[in-house]
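Asks: Input: one structure, supplied below.
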Amino acid sequence: MAAIIVTENTELMQRVIDEIKTCYDPEIPVDVWELGLIYELHLNAENNLKIVMTLTSPNCPAAETLPAEVEGKCKLLQGISSTELVLTFEPSWTKEMMSEVAQLELGFM
């Protein structure tokens, strides 16, 4: 499942994605983008960013730190006016949501 991306500023959105790719689940050696944990990114005309993400499970040990890390790093990007992160568990994350890169890295392919 690929993330839904809504923006008119593709250059700034690419910087957002690149920053998200620096955030790793501490238990899995793959970044949250490739893991498929980012469900949606919305960047409006005023450069207000909304991130909809999930975790590998509701009981994920990184539940307190990982979303805060993603939101915090994106807030610091030059050009971003505001950042809101929404954590969801619908739909539930499955390994099929991982990119091919992540599946190869983890030996699923």
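Readers should treat all values here as calculations from the given coordinates under stated rules, not as data from a laboratory. Because the structure is predicted, anything quoted here is derived from the model rather than measured. Please note: Cβ atoms are built from the backbone with ideal geometry, for glycine as well, and neighbour counts cover all protein chains shown.
Asks: Which parts of region 36-65 would a label at Val101 reach, counting a residue when its backbone N lies under 20 Å from a point 7 Å out along Cα-to-Cβ?
Replies: 36-42, 51-56
Asks: Right, here's the next one. Do you know the relative contact order of region 4-103, to the nearest whole percent, from alpha carbon pairs under 8 angstrom that are 6+ apart?
Replies: Normalised by residue count, the contact order of region 4-103 is 30 percent.
Asks: What number comes out for the charge environment of Val6, summing +1 per Lys or Arg and -1 per Asp or Glu over other residues with Cβ under 12 Å away?
Replies: -1
Asks: Measure nothing fancy, just the Cα-based angle from helix 66-75's long axis to the longest principal axis of the chain, in degrees from 0 to 90, nearest 10.
Replies: That works out to roughly 30 degrees.
Asks: Just to confirm the number: angle between the C-alpha axis of helix 10-20 and the first principal axis of the chain, 0 to 90 degrees, nearest 10?
Replies: Tilt relative to the chain: about 40 degrees.
Asks: What does the charge add up to near His42, with Lys and Arg as +1, Asp and Glu as -1, over the other residues with Cβ less than 12 Å from its Cβ?
Replies: The answer is -3.
Asks: Further question on the same structure: In Å and whole numbers, how far do the C-alpha atoms of region 3-83 stretch along each principal axis, longest first?
Replies: Each principal axis gives a Cα extent; for region 3-83 these are 35, 21, 19 Å.
Asks: Let me ask you something else. Antiparallel DSSP bridges in the chain: what percent, to the nearest 5?
Replies: Here the share of antiparallel DSSP bridges comes out near 40 percent.
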